[in-house]
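Engineer: Here's a structure for you.
The values are calculated or read from the model by the stated rules, or taken from the named source; none is laboratory data. Because the structure is a prediction, the values reported are computed rather than measured. Don't worry about glycine lacking a Cβ; one is built from the backbone with ideal geometry, like all the others, and counts go over all protein chains shown.
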Amino acid sequence: MIQISGLVKNYGVTPVLRGVQLHVAPGEFVTLVGPNGAGKSTLMRIVATLLKATAGEVKIGGWALPQHGDRVRRYIGLVSHQTLLYGDLTAVENLHFYARLYGLPDAEARIGLALKQVGLAARQRDPVRTFSRGMMQRLTIARATLHEPEVLLLDEPYTGLDQDAAQLLDELLRREKANGRTILLITHDLVHGLDLCDRIAILNRGKIVASLNSQEVTSSDFLELYAAHTGRKEVAGGR
């Protein structure tokens, strides 16, 4: 579903991605981890059609980027560092805006379900500017999944979420995977990312340096592998 081959991104003379190779099969859940500055968010922005690569090839569902970006966008849902929400609109108004954008015929039902799934049904009539960071992140997740995209792209989606909201997101991701969605997740929580996914990949200095089946490695072994490839030790812990 996601094919990345020889991906290069330079900012001026500074290389950020150095020939990334990563393929994600339809229905597969892949977690991407790596130290700060490894190029994770840059990679995600390119896959999400928000940034052009310097060289290499990216295809989503067989459609090449950036040439077919307009066609691809309706098949992806993105949770990133930007919420893409309008502060003066209420939660339900924001989702109605995106429902119209995607031409959803059953908007009312989808919006009601999305708000319920992220625990915001009681606050749906409140302006988003009154929301906490965690509540905005919940609504961002509702926005990203409203049109039931085939591909979910999540860049640190747990940022700002309390424990209850994080559990809601865990449940949503497992449900989306069970429904056959293809998921690419970036997280700084190595053990949690390993627990959720089918496969985990390590990006370091702009290259994929390891990729392995999550069922074939223990969390302690993975932490050792991560340290060996990045030179950084991480400890198991909560979000």
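Engineer: Report yes if residue 112 is surrounded by 14 or more Cβ atoms within 10 Å (Cβ to Cβ), modelled with pLDDT under 90, part of a helix (DSSP H, G or I) and touching a helix residue (DSSP H, G or I) at 6+ places or on another chain (Cβ under 8 Å), otherwise no.
Structural biologist: Taking the combined requirement at face value, the residue does not satisfy it.
Engineer: Going through segment 33-67 one residue at a time, which ones are in contact (Cβ under 8 Å) with a residue 40 or more places away in the chain and touching a Gly at 6+ places or on another chain (Cβ under 8 Å)?
Structural biologist: 33, 38, 39, 40, 55, 56, 57
Engineer: How many residues does segment 6-57 hold that are exposed (fewer than 14 other Cβ atoms within 10 Å of the Cβ) and of a type in the set (D, E, K, R)?
Structural biologist: 2
Engineer: Another one. Within segment 25-51, track down each residue that is within 25 Å of residue 227 (Cβ to Cβ) and of a type in the set (A, V, I, L, M).
Structural biologist: Within segment 25-51, 30, 32, 33, 38, 43, 44 meet the criteria.
Engineer: Right, another one. Pick from 105, 149: which is surrounded by 14 or more Cβ atoms within 10 Å (Cβ to Cβ) and not in a helix (DSSP H, G or I)?
Structural biologist: 149
Engineer: Just to verify a result, which residue in segment 115-171, among those that are among the small types (Gly, Ala, Ser) and not assigned by TED's automatic domain parsing to the domain that holds residue 91, is farthest from residue 94 (Cα to Cα)?
Structural biologist: Ranking the candidates gives 166 first.
Engineer: Restricting attention to segment 1-32, which residues are in contact with a helix residue (DSSP H, G or I) (Cβ under 9 Å, 6 or more places away or on another chain) and free of Cβ contacts under 8 Å to residues at least 40 places away in the same chain?
Structural biologist: 11
Engineer: Name the single residue that is nearest to the chain's Cα centre (by Cα) among those in segment 42-71 being modelled with pLDDT of 95 or more and assigned to a helix (DSSP H, G or I).
Structural biologist: 44
Engineer: Is segment 82-99 home to any residue that is hydroxyl-bearing (Ser, Thr, Tyr), part of a loop (DSSP other than H, G, I, E, B), surrounded by fewer than 20 Cβ atoms within 10 Å (Cβ to Cβ) and touching a strand residue (DSSP E or B) at 6+ places or on another chain (Cβ under 8 Å)?
Structural biologist: The answer is no, given that none of the residues of segment 82-99 is hydroxyl-bearing (Ser, Thr, Tyr), part of a loop (DSSP other than H, G, I, E, B), surrounded by fewer than 20 Cβ atoms within 10 Å (Cβ to Cβ) and touching a strand residue (DSSP E or B) at 6+ places or on another chain (Cβ under 8 Å).
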